[in-house]
Amino acid sequence: MSYGPILWTLTVLLFGRVIGQLVVYFFAPRFLPPMAQWQSGLVPYPLLVAVQGVVLALMGSISRDFSRGSGFWVAPHPQLGLVVLWWSYLYAGAMVVRYVRRMVRRPDQRWLGGTIPIIFHCVVAAFQWIFAAYHRGLI
């Protein structure tokens, strides 16, 4: 299985989300959802963008190593894989809980209202799972 294209696809999806959010923040075009749909507001936006940049850099580094077939992230790390595997399950599970809570609290926004952050957290969880599954020999 070629992991590089899958990891790059997930990285590009997150990059698109970050760019989309920046466009909305600075220009508020009508063809994109308003800022309130892009973030929960729990983290100040400048800090959120910085964290997203770090996450994207890490995802890019991992994806690059998988595309080359060599590097730190491709070398066998079964213990790291186990930790990341369980983290990916917890992370994705937290997003399921977050989605259910949002839909209960905001029935006016069913089914997709306010889900942009949740969907893209699931993209990150999928990236983590693929990475972990490789290191655990699951796929």
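Computed 3J(HN,Hα) for segment 19-31, one whole-Hz value per residue from the Karplus formula 6.51 cos²θ - 1.76 cosθ + 1.60 where θ = phi - 60°, is 5, x, 5, 5, 4, 5, 4, 8, 10, 6, x, 5, 7, glycine and proline marked x. For the chain, the 222 nm mean residue ellipticity estimated from helices alone, with every DSSP H stretch of n ≥ 4 adding -39500 (n - 2.57) and the total spread over all residues, rounds to -25000 deg cm²/dmol. Couplings 3J(HN,Hα) of segment 83-92, computed from phi: 4, 5, 4, 5, 4, 4, 5, 5, 5, 5 Hz, in residue order, whole Hz [Karplus 6.51 cos²θ - 1.76 cosθ + 1.60, θ = phi - 60°; x for Gly and Pro]. Of the residues Phe72, Val100, Ala50, the one whose Cα sits farthest toward the positive end of the charge dipole of segment 3-136, with +1 on the Cβ of Lys and Arg and -1 on the Cβ of Asp and Glu, is Val100.
The Phe15 and Leu42 beta-carbon pair, evaluated with R₀ = 25 Å, returns a calculated FRET efficiency of approximately 0.70. Summing charges over neighbours of Pro117, with a neighbour being any other residue whose Cβ is under 10 Å away from its Cβ, gives +3 when K and R count +1 and D and E count -1. Using a 7 Å offset from Cα along Cα-Cβ at Arg136, what residues in segment 64-88 end up with backbone N under 15 Å from the label point? In segment 64-88, the label zone of Arg136 (backbone N under 15 Å from the point 7 Å along Cα→Cβ) covers 77-88. Our note on the geometry: Cα centres of segment 22-48 and segment 118-132, 21 Å apart. Other residues whose C-beta falls under 13 angstrom from the C-beta of Thr11 contribute a net charge of +1, scoring Lys and Arg +1 and Asp and Glu -1. In order along segment 7-15, the phi-based Karplus estimate (6.51 cos²θ - 1.76 cosθ + 1.60, θ = phi - 60°) of 3J(HN,Hα) comes to 5, 5, 4, 5, 5, 5, 4, 5, 4 Hz; Gly and Pro are listed as x. Of the residues Gly16, Gly41, Gly53, the one that moves most in a GNM of the chain with alpha-carbon contacts below 10 Å is Gly41.
Measuring r between the beta carbons of Ser61 and Met35 and using R0 = 35 Å, the FRET efficiency lands at 0.75. Using Cβ point charges alone (K and R +1, D and E -1), the dipole size of the chain about the Cα centre works out to roughly 360 debye.
FYI, it's all coordinate maths here, none of it is from the lab. None of these values were measured; they are calculated from a predicted model. As a convention, Cβ positions derive from the backbone with ideal geometry for all residues, glycine included, and neighbour counts pool all protein chains shown.
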